[in-house]
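Peer 1: Have a look at this one.
The values are calculated or read from the model by the stated rules, or taken from the named source; none is laboratory data. Worth saying up front: this structure is predicted, and the values here are computed from it rather than measured. FYI the Cβ positions are ideal-geometry reconstructions off the backbone, even for glycines, and counts take in every protein chain you see.
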Amino acid sequence: MTAPRAWWTRVPDPVIDAMVVAVAVGDVLLSLADAGPVAQSMAALACAALVVRRRFPLPVFLLTLPASLMLDIVFAPFAALFTLAERSRNRRLLVVCAVLFALASAAPWPLYDLTAHDRTWTLVYFFYTLATAAAPVLLGQLVQARRDLARRLVEIEEAREHERLLHSQAVLARERAQLAREMHDVVSHQVSLIAVQAGALQVAATDPDFKEGARTIRSLSVGTLDELRHMVTLLRASGGRATELTPQPTLADLHKLVTTSGIDAELTGELPPEVSTTAQRAVYRTVQEALTNVRKHAPGASATVRLWRADDGAAFGVTVTNTPPTRPSLPLPGSHQGLIGLRERAELLGGTFESGPTADGGYEVALRIPPRTD
């Protein structure tokens with residue numbers, strides 16, 4: 001939702017131009033008492049030129065200088081100088097224009113009528129006028145900076161909206177890919193077992209009704225597998241690559257993960273064989289995230305991955321501890337969501353996840369899972 005525009009920004013440009021010309025004409029009329037035809041012509045030209053000051057700011061400003069030299073006017077050159085400062089990014093040009101205006105305003109007319117006393121007063125009036133000319137220049141630059149800032153804020157908001165859209169699409173794709181993996185690795189596997197068992201029963205059965213029931217179960221299982229494969233393909237196509245439906249990692253992959261982590265890491269201990277597939281994935285992901293953090297944030301540190309189970313069988317889990325880093329770490333980008341995701345994964349399993357620094361300056365993460373988690 002954008003903020004309401006100020007009332008003066010809703011005034012049409014032709015109306016503003018007409019008001020500027022009207023004020024400039026009024027300023028000129030106050031100085032035409034003893035003006036000659038040339039001065040009057042220059043004043044009329046300066047006022048008329050203000051109509052096109054938005055398109056030709058520099059020529060219009062230069063056209064106001066003769067009138068400023070011949071008459072005691074300020075509004076027309078100020079309006080032209082403000083428009084030039086609002087639209088130009090050349091600050092040297094703005095300084096030169098301000099000096100030209102000060103010279104035109106301070107110089108006497110005619111130029112040859114200049115005594116020693118007048119020269120001193122002209123110099124004083126020049127610096128006074130130069131300081132006055134800084135006002136439209138600074139105001140014009142301020143309006144330009146405000147306009148640039150507003151444009152930049154719009155661009156940032158559009159970029160943030162685009163980033164939010166991409167993030168939501170990435171989350172949706174990740175969830176679909178995760179669902180596809182779960183269907184492929186768990187549901188498809190179990191339905192395959194049903195089909196195999198039903199086929200075995202169909203072969204071994206002697207009763208016709210029993211054989212027909214086994215055949216029906218096997219036929220439905222095969223059809224279900226086909227539907228699952230089709231759904232998995234659709235999910236993968238909409239959530240990422242439609243290939244590489246590889247099984248999720250298990251405890252059997254931990255040794256390879258530790259040895260190929262790129263750091264000095266040691267794997268000790270073991271877990272009970274009845275650990276569920278879901279719990280095995282949680283243990284694997286915990287070790288993977290912990291070793292990744294060691295590699296990113298603790299260069300030169302060594303790590304110990306300890307698999308454990310309680311003596312009374314009430315829980316099992318993994319603890320990853322690393323020593324303090326031996327050299328400074330480089331600032332690497334990260335989502336800062338890894339540990340949060342591990343904690344959420346542990347909570348879904350009914351377990352706990354803890355992380356924090358150790359007394360010797362290292363870091364430790366610990367996952368604890370109750371038994372019979374599936």
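Peer 1: With the condition kept exactly as written, say whether any residue in segment 257-264 is in contact (Cβ under 8 Å) with a residue 12 or more places away in the chain, more than 25 Å from ASP311 (Cβ to Cβ) and small (Gly, Ala, Ser).
Peer 2: The answer is yes; a qualifying residue exists.
Peer 1: Would you check if ARG160 is at pLDDT 85 or above, in a helix (DSSP H, G or I) and farther than 30 Å from SER88 by Cβ?
Peer 2: Here the answer is yes, as ARG160 does meet what is asked.
Peer 1: Mind counting the residues in segment 164-208 that are under 25 Å from the mean Cα position of the chain (by Cα), of a type in the set (A, V, I, L, M) and at pLDDT 75 or above?
Peer 2: Number satisfying all stated conditions: 6.
Peer 1: Taking ARG89 as the residue in question, decide whether it is under 43 Å from the mean Cα position of the chain (by Cα), in a loop (DSSP other than H, G, I, E, B), surrounded by 14 or more Cβ atoms within 10 Å (Cβ to Cβ) and in the same structural domain as PHE127 (by TED's automatic domain parsing).
Peer 2: no
Peer 1: Can you work out which of the residues in segment 318-357 that are touching a helix residue (DSSP H, G or I) at 6+ places or on another chain (Cβ under 7 Å) and either of a type in the set (Lys, Arg) or modelled with pLDDT of 90 or more (or both) is nearest to THR278 (Cα to Cα)?
Peer 2: Filtering segment 318-357 for residues that are touching a helix residue (DSSP H, G or I) at 6+ places or on another chain (Cβ under 7 Å) and either of a type in the set (Lys, Arg) or modelled with pLDDT of 90 or more (or both), the one nearest to THR278 (Cα to Cα) comes out as ARG345.
Peer 1: Starting from segment 294-319, keep only residues that are farther than 20 Å from HIS255 by Cα, then list their pairs with residues that are in a loop (DSSP other than H, G, I, E, B) and among the hydrophobic types (A, V, I, L, M, F, W, C) whose Cβ atoms are within a distance under 6 Å, requiring at least 6 positions of separation or different chains.
Peer 2: LYS296/LEU332
Peer 1: Out of LEU138, LEU94, I need the residue that is farther than 19 Å from SER68 by Cβ and modelled with pLDDT of 90 or more. Which one?
Peer 2: Of LEU138, LEU94, the one residue that is farther than 19 Å from SER68 by Cβ and modelled with pLDDT of 90 or more is LEU138.
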